[in-house]
1. Among the candidates E70, E60, which residue alone is of a type in the set (D, E) and at pLDDT 95 or above?
2. Only one residue in E24, E41, E60 is open to solvent by 80 Å² or more (accessible area, probe 1.4 Å), over 29 Å from S13 (Cβ atoms) and not aromatic (F, W, Y), so which one is that?
3. Among the candidates L51, L3, single out the residue that is open to solvent by less than 40 Å² (accessible area, probe 1.4 Å), of a type outside the set (F, W, Y) and at pLDDT below 95.
Amino acid sequence: MLLHCTSPAKDGSVPPPPVSQVLERYTGRLMSLRGVVGTAEGSCGGAPCILILVDRLTPELRKKLPKEIEGIRVEVRETGPIRAQ
């Protein structure tokens with residue numbers, strides 16, 4: 001799954017867009033993957049990141065998930081099933 005798309009800033013660096021905007025664009029695609037039960041904004045090592053919540057993290061699912069999206073770090077968390085109450 002190719003989810004990395006950026007454009008460089010004037011100084012050559014690539015500033016990441018707001019996490020909320022990236023989640024809005026990619027949550028549907030991520031949620032379509034079997035085993036993904038949610039996405040969220042998070043903090044990883046003090047920096048904003050994208051959390052991908054999975055029912056059970058298998059090696060096959062890990063291969064399908066990106067390590068970053070549009071320059072924003074992705075962290076995968078195994079949560080078990082999530083059900084609305």
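1. Details: E70 fails: at pLDDT 95 or above.
None of the others qualify; the one that does is E60.
2. Details: E24 fails: over 29 Å from S13 (Cβ atoms); E41 fails: over 29 Å from S13 (Cβ atoms).
Residue meeting the stated conditions: E60.
3. On the way: L51 fails: at pLDDT below 95.
Answer to the selection: L3.
The values are calculated or read from the model by the stated rules, or taken from the named source; none is laboratory data. All of these numbers come straight from a predicted model, not from anything done at the bench. Neighbour counts are summed over all protein chains in view; Cβ atoms, including those assigned to glycine, are modelled from backbone coordinates with ideal geometry. When the accessible area is computed, the model is the full protein with side chains, heavy atoms only, and any ligands, DNA or RNA have been set aside. Shrake-Rupley method; radii C 1.70, N 1.55, O 1.52, S 1.80 Å.
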